[in-house]
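Bear in mind these aren't lab numbers, they're just calculated from the coordinates by the rules spelled out. Only a predicted model underlies this, so the values are computations on that prediction, with no experimental measurement involved. As a convention, Cβ positions derive from the backbone with ideal geometry for all residues, glycine included, and neighbour counts pool all protein chains shown.
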Amino acid sequence: MNDKELVAYAALDYIEDNSIIGLGTGSTANIFIKMLAGKISKESLNISVVASSVISQKKANDAGLKYISIDQVTSIDLYVDGADEITQNLEILKGRGFDLIREKLLAQMSKKFIVIGDNSKIVSKIGQNYFIPIEITPIAWKITKILIEKIAKKCIVRENMEKNAFAISSYGNFVLDCEFNYSELDTLAKEIANTPGVFEHGLFLNLASLAIVSNNGQIKKILK
Ligand code: 5RP
């Protein structure tokens with residue numbers, strides 16, 4: 001198994017029968033979804049799933065998982081998702097996909113949130129490898145961008161794959177990718193969230209209770 005497969009496999013240990021599992025988005029989460037489907041069928045488990053994005057919803061359907069729409073869910077036992085950056089303090093950066101609001105809802109609502117990733121995700125400071133994604137409403141996006149730029153070093157509006165228009169989230173929003181000079185991540189997260197026009201952002205602080213990381217076949221767990 002490669003590192004992504006190893007962490008997805010390790011996360012299966014936390015699956016309990018008769019539970020509701022939140023499914024993440026991205027290449028690592030996709031592996032987990034497939035492995036989860038295999039475990040459910042092998043062990044005849046009673047598991048329902050809720051998806052963090054349109055893509056993971058499709059993956060769940062393709063894998064034949066018992067799917068519950070997010071608007072019908074009132075409790076989630078476990079959410080397993082990938083990340084773009086992970087610190088030793090379990091500060092998490094997410095959002096290369098666009099559905100930040102669904103990812104944040106699952107992370108916040110789940111009894112346990114496990115982050116899985118290979119060692120490339122480990123950073124000493126959030127923002128080291130990626131800009132911080134901020135989903136904003138298009139209604140006055142230029143104003144929101146100007147307001148965010150007052151606290152950011154640089155912000156760019158994310159483009160679509162074809163690079164001929166802005167990327168649009170599942171909820172019709174734009175995404176700003178921003179670089180910040182900051183000292184307190186909590187304060188930065190609050191400042192971003194308090195800016196008018198901001199829908200959600202990619203800083204997941206005090207939400208994960210465990211990260212499972214693999215480096216050249218060696219699994220390491222970071223616990224809160
Ligand atoms: C999507 C995410 C992904 O989980 C993150 O980008 C990691 O993806 P991958 O497993 O493909 O490296 O946050 O919004």
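Picking from GLY95, ILE20, LEU6, whose Cα lies most toward the positive end of the charge dipole for the chain (charges on Cβ: Lys, Arg +1; Asp, Glu -1)?
GLY95
Sort 76-84, 136-144 for me by packing, meaning the mean count of neighbouring Cβ atoms within 10 Å per residue, highest on top. If you can, show how the numbers build up before the last one.
Details: 76-84: 24.6, 136-144: 15.7.
Going from most to least packed, we get 76-84, 136-144.
For a protection proxy built on the mean count of beta-carbon atoms within 10 angstrom, sort 58-69, 152-163 highest first, please. All intermediate terms of the calculation are to be shown ahead of the outcome.
Details: 58-69: 15.1, 152-163: 12.8.
With the highest mean Cβ count within 10 Å placed first, the list reads 58-69, 152-163.
Bin by bin, in steps of 10 Å, what percent of the Cα pairs in the chain do you find, going until the bin that has the longest distance?
Spelled out per bin, shortest first, that is 8, 34, 35, 19, 4, 0.
Over what distance in Å are the Cα centres of the stretch 151-224 and the stretch 86-131 separated?
8
How high is the FRET efficiency between GLU43 and ILE219 when r is their beta carbon distance and R₀ equals 30 Å, given to the nearest 0.05?
Using R0 = 30 Å, I get an efficiency of 0.90.
On full extension of the chain, what length is gained from ILE146 through ASP13, given 0.36 nm per residue of separation minus the C-alpha to C-alpha distance? Walk me through the numbers before you get to the answer.
Values: separation 133, 0.36 × 133 = 47.88 nm, distance 4.57 nm.
Once the chain is fully extended between ILE146 and ASP13, it gains 43.3 nm.
To the nearest 20 debye, what charge dipole does the stretch 132-200 have about its Cα centre, counting +1 at the Cβ of each Lys and Arg and -1 at the Cβ of each Asp and Glu? Working shown, then result.
On the way: 8 positive and 10 negative charges, 53 e Å.
In debye, rounded to 20, the stretch 132-200 gives about 260.
Stokes-Einstein diffusion coefficient for the stretch 132-200 at 37 °C in a medium of 0.692 mPa s, Rh from the Kirkwood formula over Cα pairs: what value in µm²/s?
Values: Rh = 12.2 Å.
D, rounded to a whole number, is 270 µm²/s.
Put one equal scatterer on each alpha carbon of the stretch 1-56, apply the Debye formula with no solvent term, and list log10 I(q)/I(0) at q = 0.19, 0.22 1/Å to two decimals.
-0.63, -0.84
Test of understanding: what is the full-extension gain from THR137 to ILE68, defined as 0.36 nm times their sequence separation minus their Cα-Cα distance? Mind showing how you got there, number by number?
Numbers: separation 69, 0.36 × 69 = 24.84 nm, distance 2.66 nm.
Between THR137 and ILE68, full extension yields 22.2 nm more.
Under 8 Å for C-alpha pairs, at least 6 residues apart: give me the relative contact order for the chain, rounded to a whole percent. Spell out each step's value before the answer.
Numbers: 473 pairs, mean separation 52.2, N = 224.
Reported as a whole number, the value is 23 percent.
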